[in-house]
Amino acid sequence: MFGRRLAILAGLLIGFGSHAGLAQDAAAQKPTIRVAVEGAYPPFNFIDANNELQGFEVDLLKSLCEAMKATCELVPHAWDGIVKGLVNREYDAIMSSLEILERRQKRIAFSDPYYRIPAVFIGSKETAPGEVTPAAMAGKKIGTIERTDHETYLKTFYKDSEIVLFAKAEEANLDLLVGRIDAVFADELLLSKFLESREGACCHILGDAPAEPAYKREAYGIGLRKGDDGLREQFNRAIAQVKADGTYDRIRAKYFSFDIK
């Protein structure tokens, strides 16, 4: 009887060892993806008091890696040279608010966009929210930041409005505050910071950029090396999955009060 028990125990130990070995083999086969993050652009990415990377993109990246069943290694990297580091194979991807631009697409590939920043008009609370089409804004003074897509959009479509250019959003917001202009048009992320401030209590969102004429929102994607099509498809499937299952919106709500999909 005693010998039989020893035999059973030995079999269990052998079985446990084989299962542990399988688990180790599975972990070893799990791919590691090195992803560069700047860590200096809150709330998208930043380094906290414990010297750890945090932010919307960091949280989203962790969810994407879970969806891909991959291990992701975050690689802090200064903004300068971040694309060059990717091309030189210092890491496999960049997830650091890299805007999808034609000039960048000549050097690297991009995943599908994982966030976009909408553009809005803000104005005094004495003005009710409503239509912000070119016809509705005719005769109004609209402030925006010079040398931006917002300036180009207004000058192209809002020809019956007076377009007032500013070097910084803060300057435009100040003129709105004192009534020198009727509205400011810029990205919602930038303007939401003003509206949430004490000074911004004067104002509110009048409306989103109208569907017609459409404003092409800035789009941001994961930077990848040209030819890494397999990795690109993995990221695209993961982005679609976290958007579909609600994970994306749960993460977004921690950092932004408006939709950025």
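The values are calculated or read from the model by the stated rules, or taken from the named source; none is laboratory data. Keep in mind the model is a prediction, meaning the values are calculated, not measured. Heads up, the Cβs are rebuilt from the backbone with ideal geometry, glycines too, and the neighbour counts pull from every protein chain shown. What goes into the accessible areas is simple: the full protein's heavy atoms, side chains included, and nothing from ligands, DNA or RNA. Shrake-Rupley method; radii C 1.70, N 1.55, O 1.52, S 1.80 Å.
Tabulated data for the structure shown
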| quantity | calculated |
| --- | --- |
| Conditions (1) without any contact (Cβ under 8 Å) to a residue 24 or more places away in the chain; (2) not in a loop (DSSP other than H, G, I, E, B): number failed by Y153 | (1) |
| Residue in the stretch 56-69 that is open to solvent by less than 80 Å² (accessible area, probe 1.4 Å) and in a loop (DSSP other than H, G, I, E, B) present | no |
| Residue that is over 19 Å from L231 (Cβ atoms) and touching a residue at least 24 places away in the same chain (Cβ under 8 Å), where the choices are I94, I100, I108, I117 | I117 |
| Among residues of the stretch 90-126, those that are among the aliphatic types (A, V, I, L, M) and assigned to a strand (DSSP E or B), counted | 7 |
| Index of the failed condition, L101 passing every other in (1) exposed (fewer than 15 other Cβ atoms within 10 Å of the Cβ); (2) at pLDDT 95 or above | (2) |
